[in-house]
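These notes concern the structure reproduced below.
The values are calculated or read from the model by the stated rules, or taken from the named source; none is laboratory data. Because the structure is predicted, anything quoted here is derived from the model rather than measured. We place every Cβ from the backbone using ideal geometry, glycine too, and count neighbours over all the protein chains shown. Heavy atoms of the whole protein, side chains included, go into the accessibility calculation; ligands, DNA and RNA do not. Shrake-Rupley method; radii C 1.70, N 1.55, O 1.52, S 1.80 Å.
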Amino acid sequence: PTTLTSLNNLAQVLKSQGKYDESEAMHRRELEGCEKILGPDHPDTLISVSNLASVLRSRGKYKESETMHRHALEQRKNILGPGHPKTQLSANNLATVLRLQ
């Protein structure tokens, strides 16, 4: 899990530098690890889903971003409840990508 956190941090730095290709690849690697180690519905895995969806949005890959944001939203509703701040964040992220489309 610590290595996964490091991958996420590096991916976030790459995104902030505008290195979207590298950031996307790093986020995909992190998400794969989270799904394998933590499981697909773990709250930390859902953070990874959201982070990758955000990079995809930045790259103009709106449809894939939308799909991932919808997944994160639905899973967070089921796991955390509709009123949880992370669930609300997922709803906002989905709305943002829908607006951009």
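Compute the FRET efficiency between T67 and D41 as 1/(1 + (r/R0)^6), taking r as their Cβ-Cβ distance and R0 = 25 Å, and round to the nearest 0.05.
It comes out at approximately 0.95.
Under a cut-off of 14 Å between alpha-carbon atoms, report the aspartates and glutamates in cross-link reach of K77, not counting same-chain residues fewer than 8 places apart.
Answer for K77, where 14 Å is the Cα cut-off: D41, listed by chain and number.
Here are a few candidate values for Cα extents along the principal axes in Å: (1) 36, 24, 23; (2) 37, 33, 17; (3) 33, 32, 18. Which one was actually calculated from the structure I just gave you?
(3)
Straight distance only, please: which lysines reach the Cα of K15 with their own Cα at less than 17 Å, same-chain residues fewer than 8 apart left out?
K61
If I take every Cα pair under 8 Å that is 6 or more residues apart in the chain, average their sequence separation and divide by the length, what percent do I get for the relative contact order? Could you put the intermediate results ahead of the total?
Values: 108 pairs, mean separation 19.8, N = 101.
Taking the mean separation of contacting Cα pairs over the length of the chain, I get 20 percent.
Percent of accessible area on the chain owned by carbon and sulfur, 1.4 Å probe?
Ligands and nucleic acids excluded, carbon and sulfur reach 52 percent.
Counting only heavy atoms of the protein chains, get the accessible area per residue of the chain (1.4 Å probe) and round it to a whole Å² value. Don't jump to the answer; show the numbers that get you there.
Working: 5600 Å² over 101 residues.
On a per-residue basis, 55 Å².
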